[in-house]
Amino acid sequence: MALRVVFMGTPDFAVASLDAIYSSEYELVGVVTVPDKPAGRGLQVQSSEVKKYALEKGISLLQPVKLKDFEFIEALKQWHADIFVVVAFRMLPCEVYDIPPKGAFNVHA
């Protein structure tokens, strides 16, 4: 049985790690990234590169405003991940960090 992975990240450089997991023997069960937000001169709503990749590949996606939100935590638990891989995301609260039985792996640029 393949290791079930949730990926958490936002910026462009995180997509390479996400793609490596997606292309591996691991089971990528979901992606967590920041909510869309206005950016640029026209303040048009922009999605993170991680979100764009997840949508392109048809990967389940969560975009929580608050990481301690009950609904977010319950949705995350429903993915039954073995491990979280975190690349340039936010500091995980204990409520999130403690979910996967094999812990969380944090990658820095």
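The values are calculated or read from the model by the stated rules, or taken from the named source; none is laboratory data. Just so you know, these numbers come straight off a predicted model, no measurement behind them. Cβ placement follows ideal geometry from the backbone for every residue including glycine, while neighbour counts extend to all protein chains displayed.
Of all residues in the stretch 35-43, none are hydrophobic (A, V, I, L, M, F, W, C) and under 19 Å from HIS108 (Cβ atoms).
To keep it simple, each residue is scored yes or no on (1) of a type in the set (Lys, Arg); (2) closer than 27 Å to CYS94 by Cα; (3) under 11 Å from the mean Cα position of the chain (by Cα).
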| residue | (1), (2), (3) |
| --- | --- |
| TYR26 | no, yes, no |
| THR33 | no, yes, yes |
| GLY40 | no, no, no |
| LYS52 | yes, no, no |
| PHE70 | no, yes, no |
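Scanning the stretch 5-19 for residues that are among the hydroxyl-bearing types (Ser, Thr, Tyr) and part of a loop (DSSP other than H, G, I, E, B) turns up just one, THR10. When the stretch 1-12 is limited to residues that are at pLDDT 95 or above and under 13 Å from VAL87 (Cβ atoms), the one that is surrounded by the most Cβ atoms within 10 Å (Cβ to Cβ) turns out to be PHE7.
For the subset of the stretch 20-31 comprising residues that are in contact with a strand residue (DSSP E or B) (Cβ under 9 Å, 6 or more places away or on another chain) and in a helix (DSSP H, G or I), which member is nearest to VAL86 (Cα to Cα)? Within the stretch 20-31, the match that is nearest to VAL86 (Cα to Cα) is ILE21.
Each row is one residue, and each column tells you yes or no for (1) in contact with a helix residue (DSSP H, G or I) (Cβ under 8 Å, 6 or more places away or on another chain); (2) more than 20 Å from VAL107 (Cβ to Cβ).
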site: MET8; (1), (2): no, no
site: LEU18; (1), (2): yes, no
site: LEU55; (1), (2): no, yes
site: ILE59; (1), (2): yes, no
site: ASP69; (1), (2): no, yes
site: VAL87; (1), (2): yes, no
site: VAL96; (1), (2): yes, no
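Restricting attention to the stretch 54-89, the residues that are assigned to a loop (DSSP other than H, G, I, E, B), in contact (Cβ under 8 Å) with a residue 60 or more places away in the chain and surrounded by 15 or more Cβ atoms within 10 Å (Cβ to Cβ) add up to 5. Suppose we keep only residues that are in a loop (DSSP other than H, G, I, E, B) and among the polar types (S, T, N, Q) within the stretch 32-52. Which one would you say is surrounded by the fewest Cβ atoms within 10 Å (Cβ to Cβ)? Per the stated criteria, the residue is SER47.
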